[in-house]
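The values are calculated or read from the model by the stated rules, or taken from the named source; none is laboratory data. The shown structure was predicted, so the numbers you read here are calculated from the model rather than taken from an experiment. Note that we place each Cβ from the backbone using ideal geometry, even for glycine, and neighbour counts take in every protein chain shown.
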Amino acid sequence: MKIEKQSFSNSLKASLSTKEKTIKDLPGVGAATAEKLEASGYNDMLSIAVGSPGELVETAGVSEAVARKMIQSAREALDMGFESGEELLKRRAKVERIETGSKAFNTLIGGGFETSAITEVFGQYGSGKTQIAHMLAVRAQLPKEKGGCGGAVVYIDTEGTFRPERIIQIAQGLKLDSNKVLKNIKVARAYNSDHQMLLTERVDDLIKKKGVNVRLVIIDSLTAHFRAEFIGRGTLAERQQKLNRHMHVLTKLADMHNLAVYVTNQVMAKPDQFFGDPTEAIGGHIVAHNSVFRIYLRKGKKGSRVAKLIDSPSLPDGECGFFVTETGLKDLKE
Ligand code: ADP
Ligand code: MG
């Protein structure tokens, strides 16, 4: 016991006094723990610093007290804490935007789908959520000067609705090499919520270990498996907890790699509401709270679609119409 305590505080000191940035310098992290952590994607100080004690307990098998100490010293080693407004502004300057093909839609969301943020689009079946996913998977690959962010895309398909043919049509509409575009989309079919979460956690490996320049992660649909697997009120809390963990992983991905995250969400009828919009997004406040941009999508007149921006931190609420076409999104008047 004594020896353990001794080495514990020594390694704590070591991790604080040197600027060495390896997780092995953290208190309570020996070779075996480090291996477990690395296997789960905790391979640098930042990943530990932004982790939660619960996640570390689960992945590394350490006690909660040790997990808390690990996080604390990773934060200290990284000199985390407050950032000045100026530093934040600099970080915001790195944010890139993926344009939509519709000027009205771009304006609604401040220029395009932002990197370093989760954008949630919710709406009924057939409202166009999957079409937007396909459009983004192509347009994210455009260079910055053409309204993309020049990189690869991860597409986690939970409903089996990804269609390479649609990618080809949209890519050809933009005069891109459709084979190249397809190659740059890493598609994975998620068969249940655990699988979906595992795939999401693997994105970090794809970036760090395989060197893939992922600029956009799509999860279509974010909530379908969760909804199907947790039926009944008894398991609702458990579902929300799991969904919350999933959203945290996505937030971390977006933040750490300055990439865009696009998730889709269905709506359900709200039985106790008689006035206004009779629909509500699945996942409730958990998904809403973790999404920086929330867009409600519905069918409009003459086959158009209407997107409504809700609760943005920096943009006015508003809505716009557009068309979904063979080659992507188009303005109502073009
Ligand atoms: P959601 O994912 O919200 O359930 P989708 O994104 O699958 O809905 O939208 C399906 C709709 O998209 C179709 O009903 C159709 O109106 C439109 N759509 C699908 N493919 C095309 C296409 N090639 N050209 C034009 N519109 C299309
Ligand atoms: Mg869909």
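Looking at segment 130-147 only, could you name the residues that are within 16 Å of ligand 1 (Cβ to nearest atom) and surrounded by 24 or more Cβ atoms within 10 Å (Cβ to Cβ)? Ile132, Ala133, His134, Met135, Leu136, Ala137, Val138, Arg139 - these are the residues of segment 130-147 that are within 16 Å of ligand 1 (Cβ to nearest atom) and surrounded by 24 or more Cβ atoms within 10 Å (Cβ to Cβ). Just to verify a result, which residue in segment 87-128, among those that are over 16 Å from the mean Cα position of the chain (by Cα) and within 16 Å of ligand 2 (Cβ to nearest atom), is nearest to His248 (Cα to Cα)? Step by step, filter segment 87-128, then rank; the result is Gly123.
When each of Gln169, Gln141 is tested for being closer than 18 Å to Thr325 by Cβ and among the polar types (S, T, N, Q), the lone residue that passes is Gln169.
Residue-by-condition table, conditions (1) assigned to a helix (DSSP H, G or I); (2) buried (at least 22 other Cβ atoms within 10 Å of the Cβ); (3) within 16 Å of ligand 1 (Cβ to nearest atom); (4) at pLDDT 90 or above:
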position	(1), (2), (3), (4)
Gly54	yes, no, no, no
Arg75	yes, no, no, no
Glu83	no, no, no, no
Arg92	yes, no, no, no
Ala104	yes, no, no, yes
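Only residues that are more than 23 Å from His257 (Cβ to Cβ) and touching a residue at least 60 places away in the same chain (Cβ under 8 Å) were counted across segment 70-107, and they come to 8. Number of residues in segment 203-245 that are part of a loop (DSSP other than H, G, I, E, B), free of Cβ contacts under 8 Å to residues at least 60 places away in the same chain and of a type in the set (A, V, I, L, M, F, W, C): the value is 2.
Cβ-Cβ contacts under 6 Å between residues 6 or more apart (or on different chains), taken from a first residue in segment 44-66 that is of a type in the set (D, E, K, R) to a second residue that is not in a loop (DSSP other than H, G, I, E, B), are listed as Glu64/Pro53; Glu64/Val57.
Restricting attention to segment 206-235, the residues that are farther than 26 Å from Met135 by Cβ, small (Gly, Ala, Ser) and at pLDDT below 95 add up to 3.
Condition check ((1) within 16 Å of ligand 1 (Cβ to nearest atom); (2) buried (at least 19 other Cβ atoms within 10 Å of the Cβ); (3) among the polar types (S, T, N, Q)) across all residues:
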| position | (1), (2), (3) |
| --- | --- |
| Leu216 | no, yes, no |
| Ile219 | yes, yes, no |
| Thr223 | yes, yes, yes |
| Glu229 | no, no, no |
| Arg239 | no, yes, no |
| Leu243 | no, yes, no |
| His246 | no, yes, no |
| Leu253 | no, yes, no |
| Met256 | no, no, no |
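Counting only helices (runs of 4 or more DSSP H) that fall entirely inside segment 129-201 and contain at least 2 residues that are away from ligand 2 (no atom under 16 Å from the Cβ), at pLDDT 95 or above and within 27 Å of Lys252 (Cβ to Cβ), the qualifying elements are 129-139. Residue count for segment 290-310 under the criterion of being away from ligand 2 (no atom under 16 Å from the Cβ) and surrounded by 12 or more Cβ atoms within 10 Å (Cβ to Cβ): the result is 11. When the residues of segment 56-73 are filtered to those that are of a type outside the set (Val, Ile, Thr) and in a loop (DSSP other than H, G, I, E, B), the one that is nearest to the chain's Cα centre (by Cα) is Gly61. If only residues of segment 106-128 that are in a helix (DSSP H, G or I) and not β-branched (Val, Ile, Thr) are counted, the one that is farthest from Asp177 (Cα to Cα) is Leu108.
Across segment 296-327, the number of residues qualifying as within 16 Å of ligand 1 (Cβ to nearest atom) and assigned to a loop (DSSP other than H, G, I, E, B) comes to 4.
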